[in-house]
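Each remark here refers to the structure printed beneath this line.
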């Protein structure tokens, strides 16, 4: 598939400072696969993804969404001065209820650093909120994260997201039960 933008979005690229959000491109997916495999403990991913599985997933479940008026996912790469730093977007989009789940992952070298939660994650959230509410007319977006990520909790709360649900001990990380936290915001907030 040669399309490099989402038909449902009014812009092909979203720029802020020297950062750029744009549709994930084929040349991005190998780095994304490596980052996902490196950071499985913070993701809802139970096994490593092979190169073949990654290509198949994007060919069957990501690229076809780009031409839809109502895709179920929108994945955007995050670049700084042309360099791929991470990716994120909206997944599990429900056009019946106008809701979408936030997805976000950075290069393993940047993840969980001050640059991550003081700069990149807040900027990403502000932009994805704008895309969701203004460009897609969604009414609610939410993110789920594990309680072992207090800096991300802080970012969500600082940007007006409210704790909506605590899913008790859903996951085991390092032999310890970990709660899953769901933060959401609506376009009336």
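The values are calculated or read from the model by the stated rules, or taken from the named source; none is laboratory data. Computed from a prediction, not measured in an experiment: that's the story for all the values here. For neighbour counting, all protein chains shown are included, and Cβ atoms are generated from backbone atoms with ideal geometry for every residue, glycine included.
Miscellaneous remarks
- Among the residues making up region 90-127, those that are crowded, with 22+ Cβ neighbours inside 10 Å and at pLDDT 95 or above are 90, 93, 100, 102.
- Strands (runs of 3 or more DSSP E) wholly inside region 1-100 that include at least 1 residues being over 26 Å from residue 137 (Cα atoms): 74-80, 83-94
- Figure legend. Inter-residue proximity from region 117-139: first residues in contact (Cβ under 8 Å) with a residue 24 or more places away in the chain, second residues part of a helix (DSSP H, G or I) and surrounded by fewer than 18 Cβ atoms within 10 Å (Cβ to Cβ), beta-carbon distance below 9 Å, spacing 6+ or different chains. Indicated pairs: 117/151; 117/154; 121/151; 122/158.
- When region 129-147 is filtered for residues that are touching a strand residue (DSSP E or B) at 6+ places or on another chain (Cβ under 6 Å) and within 26 Å of residue 41 (Cα to Cα), the ones remaining, listed by number, are 141, 142, 143, 144, 145, 146, 147.
- Residue 152 surrounded by 14 or more Cβ atoms within 10 Å (Cβ to Cβ), outside any strand (DSSP E or B), free of Cβ contacts under 8 Å to residues at least 60 places away in the same chain and at negative phi: yes
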